[in-house]
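What follows is a single structure, written as structure tokens, with notes after it.
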């Protein structure tokens with residue numbers, strides 16, 4: 001069995017020895033701007049779109065020049081009138097051009113392709129800050145900077161179904177590692193959002209003190225998912241997911257990076273099709289390239305299917321970015337070769353402001369209607385002076 | 001690298017309708033002819049896709065082709081959400097398989113070139129609906145004549161799935177020769193003799209709609225068999 005053994009990083013089965021404190025109930029923290037202060041719990045409001053338009057404006061100042069030839073133009077009109085008419089034309093032309101640009105761009109950025117159709121949006125039976133449709137956070141963990149966002153997809157918004165992705169990130173018990181996890185609850189299963197939420201919490205509580213390997217670690221998480229979702233097993237399909245019938249199941253991708261922000265080895269492991277990408281020297285690398293489609297396009301998932309565990313180590317250091325994501329976002333990255341991926345090489349070369357990060361992930365593109373979750377890590381302390 | 005390239009997905013579906021003489025011969029009992037039923041079904045199918053799941057309406061691209069002695073592209077490949085009006089089918093005379101397969105090759109190749117510039121194009125699906133054996137002039141059209149054209153269609157890249165949906169006098173071996181297979185199953189379905197044409201055609205329309213929705217939602221070709229029809233082996 002291949003083991004994810006790092007220099008000093010050893011995985012230990014069981015969540016009982018984890019970092020103490022966090023409630024078993026999902027707690028969604030939303031802070032409008034990243035910073036060293038503790039995040040505000042529950043009361044923040046996240047907007048999926050930027051606030052007031054940042055569309056540039058054009059101001060044309062017409063300054064009358066020195067009078068020549070008696071101050072009249074060729075039509076015999078005073079030069080200041082002709083200048084005013086010309087200036088007004090320029091203003092109108094500018095407004096026209098900007099108006100055209102506004103219609104073809106989204107939030108001031110060029111669209112990635114055909115835009116989706118407008119849709120009615122239904123809440124999933126209500127709104128609750130512990131199970132939001134949008135979750136956003138950012139800040140520092142030791143010497144590592146984090147951005148995290150999860151957005152309910154258009155399909156779920158249209159059907160009034162909950163966000164079925166989840167993320168979690170925390171320091172290991174010994175403070176040496178940042179453990180990050182992203183899970184994508186399978187839409188074909190009942191209450192998949194619970195499986196995803198439990199999986200990421202259990203994953204980030206794994207204690208890194210022994211060496212049983214990734215397989216045992218995922219088995220431990222699977223056990224947690226199985227116990228926590230036992231009450232949903234055997235239930236008939238209800239309001240959530242008209243086509244859902246199988247017991248709760250979820251993908252899970254875990255990333256572990258050194259918390260000290262220095263050069264080292266990072267490790268990733270995954271069950272299912274939630275991608276991990278590494279930005280290094282301006283190039284994206286897909287850590288787990290697709291291995292062909294399974295029959296019926298069914299991905300492997302916890303808690304029942306531990307057979308297709310994939311793991312990989314990467315060299316990690318300042319300037320690198322590691323992102324874990326659900327396929328609702330990962331597919332748009334095209335393995336690192338898409339227009340979006342190239343755009344993000346620049347905008348994610350350092351941690352973006354939270355609002356920009358949300359906008360980057362909340363792109364509008366026809367047929368991309370799944371939930372989107374991205375958890376991004378940068379080595380180093382970047383959020384030391386945030387307004 | 002993922003095949004998607006980060007582009008929107010496009011699932012092309014071609015509904016190919018036989019509009020030859022046998023489809024629109026008036027019935028003695030005054031009930032609608034298969035042609036009339038099929039005409040209504042195609043319109044309803046597109047309306048259902050447009051009004052249904054928006055994800056399906058955006059990702060599915062649907063074309064309608066009619067054939068008899070002539071081939072007509074009734075509705076060029078269009079997303080249901082963009083389909084404003086579906087032109088009516090026009091009745092024809094004979095049943096020329098060679099002409100329709102030749103034309104489908106041209107249509108699908110052209111559509112693929114166009115779609116590929118903007119979309120991540122998935123394998124096309126051709127729903128081939130017919131009620132009779134190929135017949136041109138005074139003779140049955142032999143498979144030696146139309147078979148190679150069908151093979152060129154099936155050999156396009158990406159390779160289309162051809163679902164043969166037959167009723168009336170069409171022979172099972174003809175349907176098998178037209179169809180391709182998916183995961184080891186031949187995509188050929190025959191209407192039971194006891195089932196009326198109208199019932200079969202409504203079943204076909206429902207199966208086409210279900211297949212389109214399921215393929216988009218599961219991100220891979222999922223083809224449902226129509227109720228009232230038997231899958232051939």
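The values are calculated or read from the model by the stated rules, or taken from the named source; none is laboratory data. What you see is a predicted model; the values in this text were computed from it and never measured. Positions of Cβ are backbone-derived with ideal geometry, glycine not excepted, and every protein chain shown enters the neighbour counts.
Would you mind stating whether residue B:83 is within 14 Å of chain A (Cβ to nearest Cβ) and within 21 Å of residue B:109 (Cα to Cα)? No. Selection of region B:181-200 for residues being crowded, with 19+ Cβ neighbours inside 10 Å and at pLDDT 85 or above yields B:187, B:188, B:189, B:190, B:191.
May I ask you to list the residues in region B:116-141 that are part of a loop (DSSP other than H, G, I, E, B), within 14 Å of chain A (Cβ to nearest Cβ) and either under 22 Å from residue B:165 (Cβ atoms) or touching a strand residue (DSSP E or B) at 6+ places or on another chain (Cβ under 9 Å) (or both)?
Matches in region B:116-141: B:118, B:119, B:122, B:123.
If you go through region B:142-179 and keep only what is part of a loop (DSSP other than H, G, I, E, B), more than 27 Å from residue B:110 (Cα to Cα) and without any contact (Cβ under 8 Å) to a residue 60 or more places away in the chain, you end up with B:142, B:170, B:171. In summary, helices (runs of 4 or more DSSP H) completely within region A:285-380 and bearing 2 or more residues that are within 11 Å of chain B (Cβ to nearest Cβ), closer than 21 Å to residue A:116 by Cβ and touching a residue at least 40 places away in the same chain (Cβ under 8 Å) occur at A:327-333, A:339-347.
Hey, residue A:342 hits all of (1) within 18 Å of residue B:5 (Cβ to Cβ); (2) surrounded by fewer than 21 Cβ atoms within 10 Å (Cβ to Cβ); (3) under 15 Å from the mean Cα position of the chain (by Cα) but one; which does it fall short on? Every listed condition holds for residue A:342 apart from (3).
Taken together, B:216, B:222 contain a single residue that is within 14 Å of chain A (Cβ to nearest Cβ) and buried (at least 23 other Cβ atoms within 10 Å of the Cβ), which is B:216.
Which residue, of A:120, A:111, is over 18 Å from the mean Cα position of the chain (by Cα), modelled with pLDDT of 90 or more, part of a loop (DSSP other than H, G, I, E, B) and within 12 Å of chain B (Cβ to nearest Cβ)?
Being over 18 Å from the mean Cα position of the chain (by Cα), modelled with pLDDT of 90 or more, part of a loop (DSSP other than H, G, I, E, B) and within 12 Å of chain B (Cβ to nearest Cβ) holds for just one of A:120, A:111, which is A:120.
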